[in-house]
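Have a look at the structure below, then the notes.
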Amino acid sequence: MRSESADLLQRGAQALGLEVIDQLPAFGRLLELLREGNTRLNLTALKTEEDIVLKHFVDSLTCLRGAYLEGALAVLDLGAGAGFPTFPLALVRPKLRFTPVDSTRKKIDFVRETASQLGLDQVTPLVGRAESLGQDAEHRGKYDRVVVRAVASLPVLAELALPLLREGGLLVAQKGNITAEELNAGRRAAGEVGGKVQVVDPFELPILGDARTLIVIEKHRPTPSKYPRREGVPTAQPLFWTPPPRQAR
Ligand code: SAH
C-alpha cells in the first residue's frame, strides 16, 4: 500500500477512535488481493487505492460505532460480497467470529481464499441465501450479531436478519442516507419479525464526509416461523414498504 494510502487509513481509523498501525501490513495485503481478484472476477466497482481504503476499509470500520461489536461474538455478515465489512472488522477485532454469507459462489470463493491468505481462522465463509439459512436449524437463532452493508432496504434486512439472531442479538445495519419512509417501514417490519429499532445513528464517513446511518435492531422475541419467506419474496414484497420506482436514467 502506498504511504499516502496508509496515512488515509490511519486518519480514517483515528476519526473512529481506532488504532490500526499493527494491522497496516494486513490491510496492505488485503488491498493487493482485492485488486488482483478484481481484474479476474470484477468484484467491486472501486478501483483506486484511495477509494478502496476510504470506501471499503474505513467505511466498513464505521460498523464499530457505538460498540455493538465488542467481545467474543458470533457475527454473520449478510451479503458480504468480496468480504465487507467482514475483513476490516476481523483485522481490528480478532475475537469476533465471522460467517460472511453471500449467494454468489465466486465472491465467497474469493473471501475464503483471502481469509486463508490473511491467516484469519476466525472467518468461516458460506455460500447461501439468507432466506434459506433463516429457515435452516443450523443457522436460525444462532448468531449474536448480523452485520450488513449495502444489501437491501431496512424492511428487507429486518426479515432476512432477525430469524438468524438469538433473542437479545442485534442487527447492525450500515446504510447511506435513510428516508423517513424507509425507516418507518423498517420499524414496522422489525416489530413483525420479533425486533425493535433501538438506535438510529446518523454520521459522516471520515475524510470524505458522505452521509451514513448506523441502525441497530434488537431481537427481543422469537421470529414467527413463516419468516423469512421463500427466496426472493422479501425483496419483491418487502414488509410494510413499497420501494420507490427505480429512477429512469
Ligand atoms: N456487503 C458488501 C457487498 C454488497 S453488494 C459490501 O458492502 O461491499 C450486495 C451483496 O449481497 C451481493 O454480493 C449479493 O450477492 C448479496 N445478496 C443479496 N441478497 C442476498 C440474499 N438474500 N442472501 C445472500 N446474499 C445476498
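The values are calculated or read from the model by the stated rules, or taken from the named source; none is laboratory data. Please read all numbers here as calculations on a predicted model, not as lab measurements. Cβ atoms come from the backbone with ideal geometry, glycine included; neighbour counts cover every protein chain shown.
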- Kindly check whether there is at least one residue in segment 84-101 that is within 16 Å of the ligand (Cβ to nearest atom) and either at pLDDT below 95 or among the acidic types (Asp, Glu) (or both). no
- Task: Within segment 102-119, track down each residue that is more than 12 Å from the ligand (Cβ to nearest atom), of a type outside the set (Gly, Ala, Ser) and either within 14 Å of residue 85 (Cα to Cα) or touching a strand residue (DSSP E or B) at 6+ places or on another chain (Cβ under 7 Å) (or both).
- Result: 114
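Within the group 51, 59, which residue is surrounded by 22 or more Cβ atoms within 10 Å (Cβ to Cβ), within 16 Å of the ligand (Cβ to nearest atom), in a helix (DSSP H, G or I) and not aromatic (Phe, Trp, Tyr)?
59
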- What do you reckon, is residue 44 within 22 Å of residue 211 (Cβ to Cβ), without any contact (Cβ under 8 Å) to a residue 60 or more places away in the chain and of a type in the set (Ser, Thr, Tyr)? yes
- Please verify whether segment 92-110 includes one or more residues that are more than 26 Å from residue 215 (Cα to Cα) and touching a residue at least 24 places away in the same chain (Cβ under 8 Å). yes
- List, please: which pairs have Cβ atoms under 9 Å, are six or more places apart or on different chains, and start with a residue in segment 63-88 that is among the polar types (S, T, N, Q) and end with one that is near the ligand (Cβ under 8 Å from one of its atoms) and not in a helix (DSSP H, G or I)? 86/77; 86/80
- Task: Residue by residue through segment 209-219, note down the ones that are surrounded by 16 or more Cβ atoms within 10 Å (Cβ to Cβ) and not charged (D, E, K, R).
- Result: 213, 214, 215, 216, 217
